[in-house]
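Q: Quick one: this structure, given as structure tokens, is what I'll be asking you about.
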Amino acid sequence: MADHKRGKQSFVLPQLPVITGWASVAGKKESEGPLADYFDITSKDTYFGQKSWELAEKQLQKLALDTLLKKLNMQRQEIGAVFSGDLLNQCIGSSYPLRNTGIPHAGLYGACSTMAESLMMASMCVSGGFSDKVVAMTSSHFASSERQYRFPLGYGGQRTPTAQWTVTGAGAAMVCSAGKGPRIESCTMGAITDLGIKDANNMGAAMAPAAWSTIKAHFEDLKVGPEDFDLIVTGDLGQLGKDLLMELAGKDGVNLGGKLTDCGTLVFDQTIQDVHCGGSGCGCSAITLCGYLLNQLNRGKLQKILFCGTGALLSPTSTQQGLPIPAVCHAVCIQGGND
């Protein structure tokens, strides 16, 4: 019997998992943005000492995991499992850094929702008593994503006004059955939405309906509202998608004003950095959560947030065939405090 299920899509966690540690690694452009001081590692070398963009993304996750373990004074063999994913074909950015480590690994693909998805899966694993220490991790790299989804950088293609800038970065969080840190209270698993958006350079419009679908389900399933959170944080809708989400909520009589923010609008300064509609990619929500938001929760500056990872589930093949872009959003409720 599903004792912890609430409504159609949500569940509460009977033993609240604790996020005992977190680490973030960011690239050059991200280190020039407003959240730069919150990242553990930044690099001006976009290759991160590697020979290709794809190997650089592998290095991003390795650095994030190594930094997390160092901060917690832990060894790899203490990790019960890793839930991780990325944007590259077959998720090689996640599998390569874990080769021959002996760490149990479950690969995930939720596109840019992967940080929330991995955190949700890790919390279920820990709260269900299947492991005491689980890592949630993801990454993205601007150049590897451009090469896979759009055009090689040397092509010099012009970016449309609705386009977003894929974040170069990785985030890792340790989810434990005991300890000090922010706690995961509840989650809502998203349902895939598709309203027919086909423009791969306008993913904010494709993802906004999925974001509202999940946020609305979380409100209804758990009998809460915007007033119950300090922030409702979407993953990477960017400015256009964020505005559209506000409009969709308003049509249902819900005012998200003063509560809603988006990692894609937080990670860059849109007035001085040429990112058009803001940041995107798995790394966008990952470094914002594991760099900025968890620190704010841990210090008591935020008491409770609804972290809503958003993902556009397109592929190069689906885009080339002119198919619409399905989207998904997963929501994780995180409360602050060290008690």
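Q: Roughly how far apart, in whole Å, are the Cα centres of region 219-290 and region 1-53?
A: Taking the Cα centre of region 1-53 as reference, the centre of region 219-290 is 16 Å away.
Q: With the contact rule set at Cα under 8 Å and sequence spacing of 6 or more, what percent relative contact order holds for the chain?
A: Once divided by the residue count of the chain, the mean separation gives 25 percent.
Q: Using the crude model of +1 on Lys and Arg Cβ and -1 on Asp and Glu Cβ, and no other charge, please compute the dipole size for the chain relative to its Cα centre, in debye to 20.
A: Here the size comes out at about 520 debye.
Q: Taking +1 at the Cβ of each Lys and Arg and -1 at the Cβ of each Asp and Glu, which of L266, V254, V224 sits farthest along the dipole of region 223-339 towards its positive end, judged by Cα position relative to the Cα centre?
A: V224
Q: How many nm separate the modelled label positions at Y47 and E227, each set 7 Å beyond the Cα in the direction of the Cβ?
A: 5.7 nm
Q: Any chance you could run the full-extension gain for D66 through S131? It's 0.36 nm times the residue separation minus the Cα-Cα distance, nm to one decimal.
A: On the way: separation 65, 0.36 × 65 = 23.40 nm, distance 2.00 nm.
Using 0.36 nm per residue and subtracting the Cα-Cα distance, I get 21.4 nm.
Q: At E220 and K8, where each label point lies 7 Å from the Cα along Cα→Cβ, what is the point-to-point distance in nanometres?
A: Placing both labels 7 Å along Cα→Cβ, they lie 0.5 nm apart.
Q: Further, regarding this structure: From the phi of every residue in region 118-123, what ³J(HN,Hα) in whole Hz does the Karplus formula 6.51 cos²θ - 1.76 cosθ + 1.60 yield, where θ is phi - 60° and glycine or proline is x?
A: Computed from phi, the couplings for region 118-123 are 5, 5, 5, 5, 5, 5 Hz.
Q: How charged is the neighbourhood of A2? Take every other residue with its Cβ under 14 Å from the Cβ of A2, and add Lys/Arg as +1 and Asp/Glu as -1. It would help to have the intermediate numbers written out before the result.
A: Working: positive: K5, R6, K8; negative: D3, D221.
Local net charge: +1.
Q: Something else now. Cβ under 12 Å from T288's Cβ, T288 left aside: what net charge do those residues give with Lys, Arg +1 and Asp, Glu -1? List each step's numbers first, then the result.
A: Values: positive: none; negative: E30, D236, D262.
Residues near T288 contribute -3 overall.
Q: Considering only the other residues whose Cβ falls under 12 Å of the Cβ of I92, what net charge follows from Lys and Arg at +1 and Asp and Glu at -1?
A: -1
Q: A follow-up question, please. Whose amide H sits under 5 Å from the amide H of K304, counting only residues 5 or more places off or on another chain, with H placed in the peptide plane?
A: D230, L231, G336
Q: Listed highest first by mean packing, meaning other Cβ atoms within 10 Å per residue, what order do 98-108, 17-27 come in?
A: The packing order, highest mean first, is 17-27, 98-108.
Q: Oh, and also: Looking at the chain, send over the antiparallel percent of its DSSP beta bridges, to the nearest 5. Before the final figure, lay out the partial values.
A: Values: 37 of 56 bridges.
In the chain, approximately 65 percent of DSSP beta bridges are antiparallel ones.
Q: How big is the gap, in Å, between the Cα center of region 166-190 and the Cα center of region 317-335?
A: 20 Å
Q: Moving on. Using the beta-carbon distance between E247 and R99 and R0 = 30 Å, what value does 1/(1 + (r/R0)^6) give for FRET efficiency, to the nearest 0.05?
A: With a Förster radius of 30 Å, E is 0.10.
Since every read-out is calculated from the coordinates, none of them should be taken as a lab result. If you're wondering where the values come from, they're calculated on a predicted model, not measured in any experiment. Glycine gets a Cβ as well: all are built from the backbone with ideal geometry, and neighbour counts include every protein chain shown.
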